[in-house]
Amino acid sequence: MKNILACLFTAFILCSCGTDKEKKQTIKLKEPTKKELTAIEKSAQRGKEIYRELCVTCHLTNGKGVTGAFPPLNPSDWITGKRKESIHAVKYGLKGEIVVNGVTYNNIMQYQGLDDEEVADVLNYIIDTWNPTEKMVTVEEVQQIKK
């Protein structure tokens, strides 16, 4: 019985050790394919930081705003239906009455001092995140909006 156990133990040790060649072999897993971001996704990534820094105070992290005080951006018929006005508001600020999603707002959106690329980026974040039916805002488009 001792001989059988000794043989089994020896066989187990020999089988479990493997050779140096086997030890050096590694399994190479296929790396996940990295998806190339679209132009609007790249712009939206930059815009997300601007949104978090400047816009979140009034429009909130979820973009829902505060009914009657700060209009929603998630979703927003102002963003999707008044493109030039939306760009103008982000670029220069906004004062006066507007109607967003059927609710009247009459507050002040302060001038934020954004350059044209930052204006496009934050709008593209809003579009890509909450209003994806809208096309990308370009820097050239922002440059055409005058005070």
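Just so it is clear, none of the values below were taken in a lab; they were calculated from the coordinates. Every value quoted in this text rests on a predicted model; they were computed, and no experiment measured them. Because the Cβ atoms are built from the backbone with ideal geometry, glycine has one as well, and the counts that use them run over all protein chains shown.
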Could you please report the charge total around TYR111, scoring K, R as +1 and D, E as -1 over all other residues with beta-carbon less than 12 angstrom from its beta-carbon?
+3
Do the alpha carbons of any pairs in LYS48/LYS146; LYS48/LYS135; LYS84/LYS146; LYS34/LYS135; LYS48/LYS91; LYS35/LYS64 sit beyond 19 Å of each other, and which pairs?
LYS48/LYS146; LYS34/LYS135; LYS35/LYS64
Tally Lys/Arg at +1 and Asp/Glu at -1 over every other residue whose Cβ is under 12 Å from the Cβ of ASP128; what's the total?
+1
Net charge near GLY63 (other residues with Cβ under 14 Å of its Cβ; Lys, Arg +1; Asp, Glu -1) is 0
